[in-house]
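A short write-up of the structure that comes next.
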Amino acid sequence: INPLVTLLLGSTAERLALLSPVPVWIHRGARTVLPQKILVPCDLSSRSKHTIGELDKFKSAFSPSLELFHVREEPLPILDFQSYNLISAQMMKVDQDNVENFKKKNTSYKLVTELGGVVECIRARAKKFDIIALSPREHSSSSHFMGSITAKLLGYGNTPIVIFP
């Protein structure tokens, strides 16, 4: 396939994972293991809760450990340094409140937070895990492959990914 077409439309695996009405496991590499350590990128939304609920169904079959991973993005820099600091502090306060509320509702799971770029942080953290599990955002059909976090994660590395619609 033409690299430009793949860039714009995504691979067959990406299309299947993002459009499938059933869970899809994307696996790379020769080594297959029953996942014991699962990384769940967590944006504190109902999609994160959905992923956790889907993974709870597997607890009786095997006992995986889940780590919820939330990345706090820094606000885009602006020329007015005082305004940037004010906006940044306000955003961090709102995010911290959201994290605390999410923790209260999901007390049985470890929630790790990090500051940085979402995709880069998830990629780095995923190296310690057997699989990444997530539920992608719903997009219009034309925007599925135009830079979503899920698509970027699918196009990287050897860590398997399970997508829950």
Task: region 66-114, residues that are assigned to a loop (DSSP other than H, G, I, E, B) and open to solvent by 70 Å² or more (accessible area, probe 1.4 Å) - done: GLU73, GLU74, LEU76, PRO77, ILE78, LEU79, ASP80, THR107, SER108
- [ ] Go over the candidates SER48, SER83, SER88, SER63 one by one and state the one that is at negative phi, among the hydroxyl-bearing types (Ser, Thr, Tyr) and in contact with a strand residue (DSSP E or B) (Cβ under 9 Å, 6 or more places away or on another chain).
- [x] SER48
Task: Residue pairs meeting the criteria (Cβ under 6 Å; at least 6 apart or on separate chains; first farther than 24 Å from SER48 by Cβ, in region 75-100; second open to solvent by 60 Å² or more (accessible area, probe 1.4 Å)) - done: TYR84/ILE78
Open item on the list: Given the options LEU16, LEU8, name the one that is open to solvent by 80 Å² or more (accessible area, probe 1.4 Å), at pLDDT 75 or above and in a helix (DSSP H, G or I).
Closed with: LEU16
Task: Pairs where the first residue, in region 40-52, is in contact (Cβ under 8 Å) with a residue 60 or more places away in the chain and the second is assigned to a loop (DSSP other than H, G, I, E, B) and among the small types (Gly, Ala, Ser), C-beta under 8 Å, 6+ apart - done: ARG47/SER135; SER48/SER135; HIS50/SER135; THR51/SER135
Task: Residue that is modelled with the lowest pLDDT [pool: residues in region 19-30 that are open to solvent by 100 Å² or more (accessible area, probe 1.4 Å) and not aromatic (Phe, Trp, Tyr)] - done: ALA30
- [ ] Go through the residues of region 122-138 one by one and say whether even a single one is modelled with pLDDT under 90 and open to solvent by 40 Å² or more (accessible area, probe 1.4 Å).
- [x] yes
- [ ] Please find, within region 31-59, the residue that is least open to solvent (accessible area, probe 1.4 Å) out of those that are in a loop (DSSP other than H, G, I, E, B), over 21 Å from VAL119 (Cα atoms) and modelled with pLDDT of 75 or more.
- [x] PRO35
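The values are calculated or read from the model by the stated rules, or taken from the named source; none is laboratory data. What you are looking at is a predicted structure, and each value in this text was computed from that prediction instead of being measured. For neighbour counting, all protein chains shown are included, and Cβ atoms are generated from backbone atoms with ideal geometry for every residue, glycine included. The accessibility values were calculated without ligands, DNA or RNA, using every heavy atom of the protein model including side chains. Shrake-Rupley method; radii C 1.70, N 1.55, O 1.52, S 1.80 Å.
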